[in-house]
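Undergrad: Please see the structure below; I have some questions.
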Amino acid sequence: MTVNDDSFTNWKNREEIAESMIPIIGKLHRERDVTVLLHSRSLVNKSVVSILKTHRFARQIAGAELSVTETLPYLRALTTLDLGPSQIDIGMLAATHRGDDRGLTVEAFTAEAVAGATGADKIESRSGRDVVLYGFGRIGRLVARLLIEKAGSGNGLRLRAVVVRRSGGRAADDLVKRASLLRRDSIHGQFQGTITVDEASSTIFANGNAIKVIYANDPSEVDYTAYGIKDAVLIDNTGIWRDREGLSQHLRPGIDKVVLTAPGKGDVPNIVHGVNHDMIKPDERILSCASCTTNAIVPPLKAMADEYGVLRGHVETVHSFTNDQNLLDNYHKADRRGRSAPLNMVITETGAASAVAKALPDLDAPITGSSIRVPVPDVSIAILSLRLGRETTRGEVLDYLRNVSLTSPLKRQIDFTTAPDAVSSDFMGSRHASIVDAGATKVDGDNAILYLWYDNEFGYSCQVVRVVQHVTGVEYPTYPAPAA
């Protein structure tokens, strides 16, 4: 085998540059609460290889060269500015500067593009906001990982406590087992950091964050102020209560707002971040993040409706099995879900289509839906079939959705892949609400069929955290600002 010395040398040079970026990114995050992004993907706490891979992926989607040699000058320029808390996308800085014909230096262009994060207009660092997780299952533990990951600056969300029911075993065993489930996950891998347990105080320490484990059988048993918790957002991951009356039980001393990680019923607002999160009333104390499938289909549906109009649609979701199904055939109150989840495809219902009306009230188009559970543990796909308001072409739709994923206000919700051999496991750990599969997209006149992958666990958990950041006021602005 012949080794290409030039290619190897180039790789080593890029490795060295990526290494030099890590302390800069970390210092901006810790000292100034600045999150450095690359086309909406965070570079905080990333390895050398992860930084290089993120650049390569962004280059493939954008269709233009993008490497660490190009983005490093913009990163260095940020260190010369008096920045306030913000998110700054160095990929977008490089791309927009490339199209600017004024001849500005990197330093001058960067200062202009992030002007809102400096000087008199910058946001001042705020004290952290307490968060409580009620329930510690699949979504609860992933949300915990995300909150711990984002605690680096100390000025954002602080996971203070987890409320669970005590198991039948010894208290010490219960705490150790719950910490172990946070530490290791069969799907999402090991926790990135260290976890220790203090049995005497019933506390889990994760990357230095003290998380009190509170045992209670129902919300009425807990006074959160007794644990030093105040004005907290409580995230209910149990799904036991879905209406306002039930969720109001969480509004105990120390709790200011309640966020449900399941579709809300009645007058509970169903929020899809990126689409209708700005409609949340400041005095609203109870809200829902809808379902993982609703979060997957609503952003691309909005994008298509904005550009082409939508007259009607149908969504078929092929969904991974979940813990509410049986491993082997046994009684289940719902039809079909009693049959073995890892051995069968199971037809079931989905409320995602009906939930569209709550998130997109201005969309005057009937949307129907159905679902099949399949024997994979994570990552699902929504097949969105649309009748559009005008005729178009496949190339036009793909170009449009690619640009939406890169530059629009929906770029954190919609991702885009051109990989010819993409399969479900490729999208485990995706932080987007859905990923458009370019190769599977079909367009014929005014009919369009979009194939939308989504990590129904992790991608959804990211959406939940974004909603919590928004309602607590720690969702900092992004620069350069996305195109409207």
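The values are calculated or read from the model by the stated rules, or taken from the named source; none is laboratory data. Remember, it's a predicted structure, so these values are computed and weren't measured experimentally. Here the Cβ is made from the backbone with ideal geometry for all residues, glycine too, and neighbour counts use every protein chain on show.
Undergrad: Identify all residues within the range 337-358 that are surrounded by fewer than 17 Cβ atoms within 10 Å (Cβ to Cβ), among the polar types (S, T, N, Q) and touching a Gly at 6+ places or on another chain (Cβ under 9 Å); write none if there are none.
TA: Matches in the range 337-358: SER354 only.
Undergrad: Just one of TYR451, TYR400, TYR476 is at pLDDT below 95 and either outside the structural domain of THR96 (by TED's automatic domain parsing) or part of a loop (DSSP other than H, G, I, E, B) (or both); which is it?
TA: The unique qualifying residue is TYR476.
Undergrad: Do you know which residues across the range 83-97 are touching a strand residue (DSSP E or B) at 6+ places or on another chain (Cβ under 6 Å), under 17 Å from HIS55 (Cα atoms) and either of a type in the set (Ser, Thr, Tyr) or not assigned by TED's automatic domain parsing to the domain that holds GLU107 (or both)?
TA: Scanning the range 83-97 gives no hits.
Undergrad: Return yes or no: is LYS411 farther than 24 Å from GLU149 by Cα and basic (Lys, Arg)?
TA: In short, no.
Undergrad: Does any residue in the range 27-39 that is at pLDDT 90 or above come within less than 9 Å, Cβ to Cβ, of a residue that is charged (D, E, K, R) six or more places away or on a different chain, and which pairs are these?
TA: Once the first residue is at pLDDT 90 or above and sits in the range 27-39, its partners that are charged (D, E, K, R) give THR35/LYS150; VAL36/ASP89; LEU37/ASP89; LEU38/ASP89.
Undergrad: For ALA365, state whether it is in a loop (DSSP other than H, G, I, E, B) and on the phi < 0 side of the Ramachandran plot.
TA: yes
Undergrad: Name the single residue that is surrounded by the most Cβ atoms within 10 Å (Cβ to Cβ) among those in the range 198-209 being at pLDDT 95 or above and hydrophobic (A, V, I, L, M, F, W, C).
TA: That would be ILE204.
Undergrad: Another question, then. When you look at ARG126, is it surrounded by fewer than 24 Cβ atoms within 10 Å (Cβ to Cβ) and either closer than 21 Å to GLY208 by Cα or modelled with pLDDT under 75 (or both), yes or no?
TA: yes
Undergrad: Ok, one more. Which of the residues belonging to the range 316-330 are under 20 Å from THR238 (Cα atoms) and among the β-branched types (Val, Ile, Thr)?
TA: The one that is under 20 Å from THR238 (Cα atoms) and among the β-branched types (Val, Ile, Thr): THR322.
Undergrad: Just to be sure before I move on: is PRO377 surrounded by fewer than 22 Cβ atoms within 10 Å (Cβ to Cβ) and in contact (Cβ under 8 Å) with a residue 60 or more places away in the chain in the structure I sent?
TA: In short, yes.
Undergrad: For the condition more than 28 Å from HIS97 (Cβ to Cβ), at pLDDT 95 or above and not in a loop (DSSP other than H, G, I, E, B), what is the one hit in ILE435, ILE381?
TA: The match here is ILE381.
Undergrad: Yes or no: the range 460-478 includes at least one residue that is free of Cβ contacts under 8 Å to residues at least 60 places away in the same chain and not aliphatic (A, V, I, L, M).
TA: yes
Undergrad: Conditions first: (1) in a loop (DSSP other than H, G, I, E, B); (2) at pLDDT 90 or above. SER153 passes all but one, so which condition is the exception?
TA: It fails just one condition, (2).
Undergrad: Please verify whether GLY395 is under 18 Å from TYR308 (Cα atoms), among the small types (Gly, Ala, Ser) and not in a loop (DSSP other than H, G, I, E, B), treating the condition exactly as stated.
TA: Judged against the criteria, GLY395 is a match.
Undergrad: Against the definition (among the basic types (Lys, Arg) and assigned to a helix (DSSP H, G or I)), how does ARG337 come out, yes or no?
TA: Considered against the rule, which asks whether it is among the basic types (Lys, Arg) and assigned to a helix (DSSP H, G or I), ARG337 comes out as no.
Undergrad: What pairs can you find where one residue is in the range 101-128 and assigned to a loop (DSSP other than H, G, I, E, B), the other is surrounded by fewer than 17 Cβ atoms within 10 Å (Cβ to Cβ), and their Cβ atoms are less than 8 Å apart, with a gap of 6+ or different chains?
TA: LEU104/GLU112; LYS122/ASP82; LYS122/GLY116; ILE123/PRO477; ARG126/GLY473; GLY128/GLY154
Undergrad: Moving to a separate point now. Assigned to a strand (DSSP E or B) and either in contact with a Ser or Thr (Cβ under 8 Å, 6 or more places away or on another chain) or at pLDDT 95 or above (or both): is that true of ASP426 in this structure?
TA: Answer is no for this residue.
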